[in-house]
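The values are calculated or read from the model by the stated rules, or taken from the named source; none is laboratory data. As the structure is a prediction and not an experimental result, all values here were calculated from the model. Virtual Cβ from ideal backbone geometry, glycine too; neighbours counted across all protein chains shown.
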Amino acid sequence: MAKKNKKNADLPEGMSRRQAKLAARAAERAALEKDPRPYEGLDCEADLVALQEFVPSAVADLKIKGAEDRTVRIVTVLPGAGAAVVRELPDGTVEALVALQVQTHSQNPGRDLAYAISWALKAAPGEQLVSTIADGSQPKIQELIAADEQLEISEHDNFDWWVAEGTQLDPMYQRSMQAANDAVVESHRVSADVPGSLWWVNPGGAKAHLRWVRTEAENPMLNALARVAARGELNLGEASRFAGVFRTHGIVVPVFDLDPERAYDSYEEEIKRVNDALVKELDNDAPLSSDERRQLQNIKSRQVTLRD
(Lines give C-alpha, C1' and ligand atoms only; values in the text may rest on other atoms or scores of the structure.)
Protein backbone atom coordinates (compact mmCIF):
# COMPACT_ATOMS: atom_id res chain seq x y z
CA MET A 1 0.00 0.00 0.00
CA ALA A 2 1.44 3.34 -1.04
CA LYS A 3 2.25 5.85 1.64
CA LYS A 4 0.19 9.02 1.74
CA ASN A 5 2.12 12.06 0.58
CA LYS A 6 2.19 14.34 3.65
CA LYS A 7 3.17 17.33 1.48
CA ASN A 8 -0.15 17.11 -0.33
CA ALA A 9 -2.27 16.34 2.73
CA ASP A 10 -3.44 19.95 3.22
CA LEU A 11 -4.04 20.74 -0.45
CA PRO A 12 -7.58 21.43 -1.72
CA GLU A 13 -9.10 18.29 -3.15
CA GLY A 14 -8.17 17.72 -6.77
CA MET A 15 -5.44 20.38 -6.81
CA SER A 16 -1.74 19.99 -7.28
CA ARG A 17 0.64 22.03 -5.15
CA ARG A 18 1.28 24.38 -8.08
CA GLN A 19 -2.45 24.85 -8.70
CA ALA A 20 -2.99 25.60 -5.01
CA LYS A 21 -0.25 28.26 -5.06
CA LEU A 22 -1.76 29.90 -8.16
CA ALA A 23 -5.21 29.87 -6.55
CA ALA A 24 -3.82 31.44 -3.36
CA ARG A 25 -2.08 34.19 -5.34
CA ALA A 26 -5.29 34.86 -7.28
CA ALA A 27 -7.19 35.17 -4.01
CA GLU A 28 -4.59 37.62 -2.68
CA ARG A 29 -4.89 39.74 -5.83
CA ALA A 30 -8.67 39.72 -5.58
CA ALA A 31 -8.47 40.92 -1.98
CA LEU A 32 -6.35 43.90 -3.09
CA GLU A 33 -8.56 44.86 -6.03
CA LYS A 34 -10.53 48.04 -5.52
CA ASP A 35 -14.30 47.99 -5.78
CA PRO A 36 -15.16 50.82 -8.21
CA ARG A 37 -18.52 51.48 -6.50
CA PRO A 38 -18.38 50.01 -2.97
CA TYR A 39 -22.05 50.71 -2.16
CA GLU A 40 -23.52 50.15 -5.61
CA GLY A 41 -26.92 48.49 -5.63
CA LEU A 42 -28.00 50.01 -2.31
CA ASP A 43 -30.69 52.69 -2.24
CA CYS A 44 -28.73 54.33 0.59
CA GLU A 45 -25.51 54.52 -1.48
CA ALA A 46 -25.53 58.33 -1.69
CA ASP A 47 -26.16 58.72 2.05
CA LEU A 48 -23.36 56.30 2.94
CA VAL A 49 -20.93 58.22 0.72
CA ALA A 50 -22.01 61.54 2.23
CA LEU A 51 -21.60 60.29 5.81
CA GLN A 52 -18.21 58.79 5.00
CA GLU A 53 -16.75 61.79 3.21
CA PHE A 54 -18.53 65.03 4.09
CA VAL A 55 -20.67 64.98 7.24
CA PRO A 56 -18.96 65.80 10.57
CA SER A 57 -21.39 64.42 13.15
CA ALA A 58 -24.36 62.17 12.45
CA VAL A 59 -25.91 58.86 13.48
CA ALA A 60 -27.97 56.68 11.15
CA ASP A 61 -30.31 53.92 12.23
CA LEU A 62 -30.06 51.02 9.83
CA LYS A 63 -31.59 47.58 9.75
CA ILE A 64 -28.88 44.95 9.45
CA LYS A 65 -29.69 41.40 8.44
CA GLY A 66 -29.02 39.12 11.39
CA ALA A 67 -29.01 41.93 13.99
CA GLU A 68 -32.37 41.22 15.61
CA ASP A 69 -30.88 41.05 19.14
CA ARG A 70 -29.09 44.40 19.11
CA THR A 71 -29.32 47.85 17.62
CA VAL A 72 -26.67 48.68 15.00
CA ARG A 73 -26.08 52.32 14.18
CA ILE A 74 -23.86 53.70 11.43
CA VAL A 75 -22.04 56.84 12.62
CA THR A 76 -19.67 59.32 11.05
CA VAL A 77 -16.80 59.08 13.54
CA LEU A 78 -16.00 57.58 16.95
CA PRO A 79 -13.44 58.70 19.57
CA GLY A 80 -9.93 58.18 18.28
CA ALA A 81 -11.37 57.46 14.82
CA GLY A 82 -11.96 53.86 15.87
CA ALA A 83 -13.97 51.42 13.78
CA ALA A 84 -16.73 50.23 16.13
CA VAL A 85 -17.80 49.92 19.74
CA VAL A 86 -20.45 47.82 21.47
CA ARG A 87 -22.06 49.12 24.66
CA GLU A 88 -24.87 48.20 27.02
CA LEU A 89 -27.38 50.97 27.63
CA PRO A 90 -28.96 51.70 31.04
CA ASP A 91 -32.13 49.85 30.02
CA GLY A 92 -30.11 46.70 29.36
CA THR A 93 -30.27 46.78 25.57
CA VAL A 94 -27.09 46.32 23.55
CA GLU A 95 -26.09 48.93 20.98
CA ALA A 96 -23.32 48.78 18.39
CA LEU A 97 -21.89 51.94 16.82
CA VAL A 98 -20.02 51.38 13.55
CA ALA A 99 -18.02 54.29 12.10
CA LEU A 100 -17.49 55.27 8.48
CA GLN A 101 -14.69 57.79 9.06
CA VAL A 102 -11.86 55.74 10.53
CA GLN A 103 -8.13 56.12 11.02
CA THR A 104 -7.16 52.68 9.70
CA HIS A 105 -8.83 51.45 6.54
CA SER A 106 -8.21 49.74 3.21
CA GLN A 107 -8.99 50.96 -0.29
CA ASN A 108 -12.33 49.12 -0.19
CA PRO A 109 -14.66 50.99 2.19
CA GLY A 110 -17.61 48.70 1.44
CA ARG A 111 -15.65 45.62 2.52
CA ASP A 112 -14.31 47.47 5.56
CA LEU A 113 -17.82 48.47 6.62
CA ALA A 114 -19.06 44.90 6.16
CA TYR A 115 -16.18 43.64 8.30
CA ALA A 116 -16.90 46.15 11.09
CA ILE A 117 -20.63 45.37 11.05
CA SER A 118 -19.94 41.64 11.17
CA TRP A 119 -17.66 42.18 14.17
CA ALA A 120 -20.26 44.37 15.89
CA LEU A 121 -22.92 41.67 15.59
CA LYS A 122 -20.83 39.27 17.69
CA ALA A 123 -18.79 41.48 20.05
CA ALA A 124 -19.62 41.73 23.75
CA PRO A 125 -20.55 45.03 25.43
CA GLY A 126 -17.43 47.02 26.24
CA GLU A 127 -15.40 45.72 23.31
CA GLN A 128 -13.92 48.09 20.75
CA LEU A 129 -12.68 47.54 17.20
CA VAL A 130 -9.71 49.73 16.31
CA SER A 131 -8.92 48.69 12.73
CA THR A 132 -11.68 48.24 10.18
CA ILE A 133 -9.48 46.72 7.46
CA ALA A 134 -11.34 43.80 5.94
CA ASP A 135 -9.66 40.40 6.30
CA GLY A 136 -11.75 38.48 3.77
CA SER A 137 -13.99 36.84 6.36
CA GLN A 138 -16.80 39.36 5.91
CA PRO A 139 -19.79 38.98 3.58
CA LYS A 140 -20.50 41.59 0.91
CA ILE A 141 -22.07 44.75 2.27
CA GLN A 142 -25.06 44.07 0.01
CA GLU A 143 -25.63 40.84 1.97
CA LEU A 144 -25.90 42.78 5.25
CA ILE A 145 -27.99 45.73 4.05
CA ALA A 146 -31.18 45.24 2.03
CA ALA A 147 -31.10 46.90 -1.40
CA ASP A 148 -34.14 49.09 -0.62
CA GLU A 149 -33.07 50.00 2.93
CA GLN A 150 -33.07 53.72 3.73
CA LEU A 151 -30.96 55.46 6.36
CA GLU A 152 -32.75 57.33 9.14
CA ILE A 153 -30.14 60.03 9.73
CA SER A 154 -29.92 62.20 12.83
CA GLU A 155 -27.50 65.08 12.34
CA HIS A 156 -25.77 66.65 15.34
CA ASP A 157 -23.82 69.82 16.09
CA ASN A 158 -21.70 68.01 18.68
CA PHE A 159 -20.44 64.56 19.69
CA ASP A 160 -22.41 64.17 22.90
CA TRP A 161 -23.92 61.01 21.43
CA TRP A 162 -20.53 59.36 21.93
CA VAL A 163 -21.56 58.81 25.55
CA ALA A 164 -24.62 56.79 26.56
CA GLU A 165 -27.13 58.71 28.65
CA GLY A 166 -26.39 58.44 32.37
CA THR A 167 -22.68 57.66 31.90
CA GLN A 168 -20.22 59.50 34.17
CA LEU A 169 -17.15 60.88 32.40
CA ASP A 170 -13.72 61.49 33.85
CA PRO A 171 -12.35 65.05 33.42
CA MET A 172 -9.83 64.04 30.72
CA TYR A 173 -12.53 62.48 28.53
CA GLN A 174 -14.76 65.50 29.10
CA ARG A 175 -12.00 67.82 27.85
CA SER A 176 -11.37 65.61 24.84
CA MET A 177 -15.05 65.58 23.89
CA GLN A 178 -15.34 69.31 24.37
CA ALA A 179 -12.41 69.84 21.99
CA ALA A 180 -14.14 67.64 19.41
CA ASN A 181 -17.40 69.55 19.86
CA ASP A 182 -15.64 72.87 19.37
CA ALA A 183 -14.23 71.64 16.04
CA VAL A 184 -17.57 70.61 14.50
CA VAL A 185 -18.37 72.53 11.33
CA GLU A 186 -22.02 73.54 10.91
CA SER A 187 -23.65 71.07 8.53
CA HIS A 188 -27.25 70.27 7.61
CA ARG A 189 -28.99 67.74 5.44
CA VAL A 190 -31.07 69.46 2.76
CA SER A 191 -34.45 67.91 1.98
CA ALA A 192 -35.59 67.99 -1.64
CA ASP A 193 -37.52 65.58 -3.82
CA VAL A 194 -34.53 64.83 -6.07
CA PRO A 195 -32.08 61.95 -6.44
CA GLY A 196 -28.99 61.78 -4.27
CA SER A 197 -27.97 63.14 -0.88
CA LEU A 198 -27.60 66.89 -0.32
CA TRP A 199 -25.61 68.49 2.49
CA TRP A 200 -25.12 72.18 3.26
CA VAL A 201 -21.97 73.13 5.13
CA ASN A 202 -20.69 76.43 6.47
CA PRO A 203 -16.97 76.33 7.25
CA GLY A 204 -17.15 79.85 8.64
CA GLY A 205 -15.76 81.85 5.72
CA ALA A 206 -17.29 84.02 3.03
CA LYS A 207 -19.07 81.08 1.40
CA ALA A 208 -21.25 78.19 2.42
CA HIS A 209 -21.37 75.10 0.20
CA LEU A 210 -23.89 72.56 -1.02
CA ARG A 211 -22.52 69.09 -1.78
CA TRP A 212 -24.84 66.94 -3.86
CA VAL A 213 -23.92 63.25 -3.96
CA ARG A 214 -25.30 61.76 -7.20
CA THR A 215 -25.27 58.06 -8.08
CA GLU A 216 -25.55 58.24 -11.87
CA ALA A 217 -22.65 56.97 -14.00
CA GLU A 218 -19.75 59.41 -13.92
CA ASN A 219 -19.30 60.32 -17.60
CA PRO A 220 -23.00 60.93 -18.39
CA MET A 221 -23.27 63.13 -15.29
CA LEU A 222 -20.18 65.16 -16.22
CA ASN A 223 -21.54 65.68 -19.74
CA ALA A 224 -24.93 66.71 -18.34
CA LEU A 225 -23.26 69.21 -16.02
CA ALA A 226 -21.31 70.65 -18.97
CA ARG A 227 -24.44 71.02 -21.12
CA VAL A 228 -26.39 72.75 -18.35
CA ALA A 229 -23.41 74.98 -17.52
CA ALA A 230 -23.10 76.02 -21.17
CA ARG A 231 -26.67 77.35 -21.01
CA GLY A 232 -25.85 79.35 -17.87
CA GLU A 233 -28.31 77.31 -15.79
CA LEU A 234 -25.91 75.54 -13.43
CA ASN A 235 -26.50 77.63 -10.33
CA LEU A 236 -28.81 77.76 -7.32
CA GLY A 237 -29.98 81.33 -7.69
CA GLU A 238 -28.57 84.72 -6.79
CA ALA A 239 -25.14 84.80 -5.10
CA SER A 240 -24.57 81.11 -5.89
CA ARG A 241 -21.98 79.54 -8.17
CA PHE A 242 -21.19 76.06 -9.43
CA ALA A 243 -17.79 75.40 -7.86
CA GLY A 244 -16.89 72.03 -9.39
CA VAL A 245 -17.13 68.36 -8.52
CA PHE A 246 -15.65 65.82 -6.16
CA ARG A 247 -15.03 62.32 -7.50
CA THR A 248 -15.41 59.68 -4.82
CA HIS A 249 -16.51 56.04 -4.52
CA GLY A 250 -16.96 55.91 -8.30
CA ILE A 251 -19.57 58.68 -8.41
CA VAL A 252 -19.73 62.45 -8.87
CA VAL A 253 -20.52 65.08 -6.23
CA PRO A 254 -21.38 68.51 -7.69
CA VAL A 255 -20.55 71.39 -5.35
CA PHE A 256 -22.13 74.85 -5.26
CA ASP A 257 -20.86 77.96 -3.46
CA LEU A 258 -23.63 79.76 -1.58
CA ASP A 259 -24.35 82.87 0.43
CA PRO A 260 -23.74 81.84 4.08
CA GLU A 261 -26.45 84.25 5.23
CA ARG A 262 -29.19 82.46 3.29
CA ALA A 263 -31.02 79.66 5.12
CA TYR A 264 -29.81 76.18 4.22
CA ASP A 265 -33.37 74.90 3.73
CA SER A 266 -34.44 77.61 1.25
CA TYR A 267 -32.99 76.11 -1.95
CA GLU A 268 -35.56 73.44 -2.80
CA GLU A 269 -36.98 75.26 -5.85
CA GLU A 270 -33.55 75.91 -7.36
CA ILE A 271 -32.37 72.36 -6.61
CA LYS A 272 -35.39 70.91 -8.42
CA ARG A 273 -34.77 73.21 -11.39
CA VAL A 274 -31.16 72.08 -11.73
CA ASN A 275 -32.12 68.44 -11.23
CA ASP A 276 -34.74 68.62 -14.00
CA ALA A 277 -32.17 70.13 -16.34
CA LEU A 278 -29.60 67.42 -15.53
CA VAL A 279 -32.07 64.55 -15.87
CA LYS A 280 -33.06 65.74 -19.35
CA GLU A 281 -29.40 65.68 -20.44
CA LEU A 282 -28.30 62.36 -18.90
CA ASP A 283 -29.49 60.35 -21.90
CA ASN A 284 -28.38 62.91 -24.47
CA ASP A 285 -25.96 61.07 -26.79
CA ALA A 286 -25.44 63.97 -29.18
CA PRO A 287 -21.87 65.27 -29.52
CA LEU A 288 -21.01 68.14 -27.21
CA SER A 289 -20.90 71.58 -28.79
CA SER A 290 -17.68 73.58 -28.66
CA ASP A 291 -18.98 75.59 -25.68
CA GLU A 292 -20.08 72.41 -23.91
CA ARG A 293 -16.65 70.84 -24.50
CA ARG A 294 -15.02 73.91 -22.95
CA GLN A 295 -17.31 73.62 -19.95
CA LEU A 296 -16.52 69.90 -19.61
CA GLN A 297 -12.78 70.56 -19.77
CA ASN A 298 -13.15 73.29 -17.15
CA ILE A 299 -15.07 70.94 -14.84
CA LYS A 300 -12.50 68.16 -15.25
CA SER A 301 -9.56 70.51 -14.70
CA ARG A 302 -10.98 71.59 -11.32
CA GLN A 303 -12.35 68.28 -10.06
CA VAL A 304 -10.99 66.90 -6.81
CA THR A 305 -10.67 63.14 -6.36
CA LEU A 306 -11.24 61.94 -2.81
CA ARG A 307 -11.40 58.22 -3.68
CA ASP A 308 -11.15 56.80 -7.20
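The table below lists the values:
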quantity: Selection status of A180, over 21 Å from D112 (Cα atoms) and either of a type in the set (K, R) or crowded, with 16+ Cβ neighbours inside 10 Å (or both); calculated: yes
quantity: Filter result for E216 (more than 20 Å from S57 (Cβ to Cβ), surrounded by 12 or more Cβ atoms within 10 Å (Cβ to Cβ) and among the acidic types (D, E)); calculated: yes
quantity: Selection from region 64-97 of residues that are surrounded by fewer than 15 Cβ atoms within 10 Å (Cβ to Cβ) and small (G, A, S); calculated: G66, G80, A81, G92
quantity: Options D182, D291, D257, D285; residue that is within 24 Å of S154 (Cβ to Cβ) and charged (D, E, K, R); calculated: D182
quantity: Residue in region 250-271 that is assigned to a strand (DSSP E or B) and touching a residue at least 60 places away in the same chain (Cβ under 8 Å) present; calculated: yes
quantity: Identity of the residue in region 167-183, touching a Phe, Trp or Tyr at 6+ places or on another chain (Cβ under 7 Å) and of a type in the set (A, V, I, L, M, F, W, C), that ends up modelled with the highest pLDDT; calculated: A180
quantity: Only one of R247, R262, R273 that is surrounded by 13 or more Cβ atoms within 10 Å (Cβ to Cβ) and farther than 22 Å from T215 by Cα; calculated: R262
quantity: Residue check, A50 buried (at least 23 other Cβ atoms within 10 Å of the Cβ), more than 24 Å from G250 (Cα to Cα) and outside the structural domain of S197 (by TED's automatic domain parsing); calculated: no
quantity: The listed residue being in contact (Cβ under 8 Å) with a residue 24 or more places away in the chain and not charged (D, E, K, R), out of Q150, Q168; calculated: Q150
quantity: Segments classed as strands (runs of 3 or more DSSP E), wholly inside region 125-222, with at least 1 members that are out of contact with any helix residue (DSSP H, G or I) (no Cβ under 6 Å at 6 or more places or on another chain) and charged (D, E, K, R); calculated: 152-155, 186-190, 208-213
quantity: Answer from E152, E127 - the residue that is surrounded by fewer than 16 Cβ atoms within 10 Å (Cβ to Cβ) and farther than 22 Å from G166 by Cα; calculated: E152
